[in-house]
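To start, the structure itself, in structure tokens.
FYI, it's all coordinate maths here, none of it is from the lab. Computed from a predicted structure; not experimentally measured. All Cβ positions, even for glycine, are placed from backbone atoms using ideal geometry, and neighbour counts span all protein chains on display.
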Amino acid sequence: MRKLENSKEEGKISYQIVVKNDLSGQASPSNPVIRVAPVGQETVDTSQMVKEISANCTLTPADVTGVLAALGDYLKKTLLNGNRLQIDNIGTFSISLACSWKDRNGQRHEHTLDDNITSGDKVRVNNIVFTPDPELKKDVVSKAVCISSGLYPYQQPTEQDVEIKLTEWFGPHFSITRKQAEGLFGCSKRYAQNLLARLVRQGRLSAEGIRNMRYYKPVPPNFQ
């Protein structure tokens, strides 16, 4: 399996090659149809955003935190009133509605014009929709610099590769995180998540910690 050739670089978007379902019939097992997807993405949390915004304006971190909290409350109020909220340089938030329903088997069905859906309990908010500001979209699209990570997910490690690499890892290490697994196998976030989840289901690893701080420990006698 190919290693991650490029580390995270400021102002650059690292991408990986992903195999996709081909509906045209043009692909073959030896030459699959592909798409590209971001890899190595990190979540910038509120505390980090507050710190950086405060450093670039006259507002204190407490001021920025207060404004963001008030914005969240105002956004919720606006959407609950059935309105849209447009924020300059960011975009517009709105809601979408749905009136489909599920039967006893969990199968979803669509209503027809013959159905009476004048009762509000048959309509629900389907999703919150975000439409980026045109200038924001234009700037991101025009200024983005993409670099290859060298990852090819269809060259996945074999079971033997997994056994060897994790055994070597758990020699000096007590546990492994999802991000550490990405680096160990040179894989995407999704692949690392699926791999660790599969090993947990197999009883070879145990998942510890809370969602955003989860780590995995070997279940003896695995990976020893």
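Placing pseudo-labels 7 Å out from each Cα toward the beta carbon at Val67 and His173 gives an inter-label distance of 4.0 nm. Note on Asn212 and Arg84: the extension gain reaches 43.0 nm, defined as 0.36 nm multiplied by sequence separation minus the Cα-Cα distance. By the compact-protein rule of thumb, 2.2 N^0.38 Å, the alpha-carbon radius of gyration of segment 159-218 corresponds to a ratio of 1.01. For the pair Lys137 and Lys102, a Förster radius of 41 Å applied to the C-beta separation gives a FRET efficiency near 0.70, rounded to the nearest 0.05.
Among Thr158, Thr78, Thr43, a tally of other beta-carbon atoms within 10 Å of each Cβ gives an order, fewest to most, of Thr43, Thr158, Thr78.
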